[in-house]
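Asks: So that we are looking at the same thing, I have put the structure below in structure tokens.
The values are calculated or read from the model by the stated rules, or taken from the named source; none is laboratory data. In this text, all values refer to a predicted model and were calculated from it rather than measured experimentally. Here Cβ is always computed from backbone atoms with ideal geometry, including for glycine, and neighbour counts include all displayed protein chains.
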Amino acid sequence: MTEFLPRSGRRAGRPRRRGTCRSCRQKPAASEAQAAASIPTPEQVSVLTAAPGQPETKPKRRRRKRGKAKKPAAAPAITAVIPTEIKPKSHKTDPWDASALRPTRQGFIRMRGKTDNGRRWYQEVDPELAITLVREHAAVVVNRHTIRRIYSNKEFRRLILTRDNYTCHFCGRYGDTIDHLLPRAKGGHTTPLNCVCACNECNQSKADRDLEEFMGGLD
């Protein structure tokens, strides 16, 4: 068993799988050498195949056809993309700039807003009225032909009363109504600058009189 070496090459240790003996391992090497010697070389083959009385001929070499060498395909030219000058976008219209308003071809300004229920409404007004509403902070400029009312009726009433702390502008008592400093009959508009909180008595007694005329009557 000592001649049958384990595949690891070690003789000691736990039993391992064993291979062939030394003599058997030497036989395949001798048989391979004999087989290699028996294979004729190319020169011997040419001598054997040649007819008797004829000179030995060497195999012809194939000549490569010489032609114009193909030039490699030219790589596509890379053109540099030069960015053009990007014009800055026009600045948005200032919402409080009334001078930016321009009437349409029909000669009016579009005005839009929302009701107390949230429904949208649309109206066509004179340019002078649109400019006044923007200057007195009742509307904002959407574009050069359109303005938008900021407050609905309920929102506007709540704004004036909370701003004046429910105090009458004329007598100083509790007030829960809104009155125009310049009456609407004389060209006043419902804007935060033209409306104040007033009590019911002052509101009815003032009616359509101017502020100076009404305050002179109280004195």
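Asks: Please work out if Thr93 is under 30 Å from Arg184 (Cβ atoms), of a type outside the set (A, V, I, L, M, F, W, C), part of a loop (DSSP other than H, G, I, E, B) and at pLDDT below 90.
Replies: So Thr93 fits the description; yes.
Asks: What residue, of Leu133, Leu159, Leu182, is surrounded by 13 or more Cβ atoms within 10 Å (Cβ to Cβ), not hydroxyl-bearing (Ser, Thr, Tyr), not assigned by TED's automatic domain parsing to the domain that holds Leu211 and not in a strand (DSSP E or B)?
Replies: When all the criteria are applied, what remains is Leu133.
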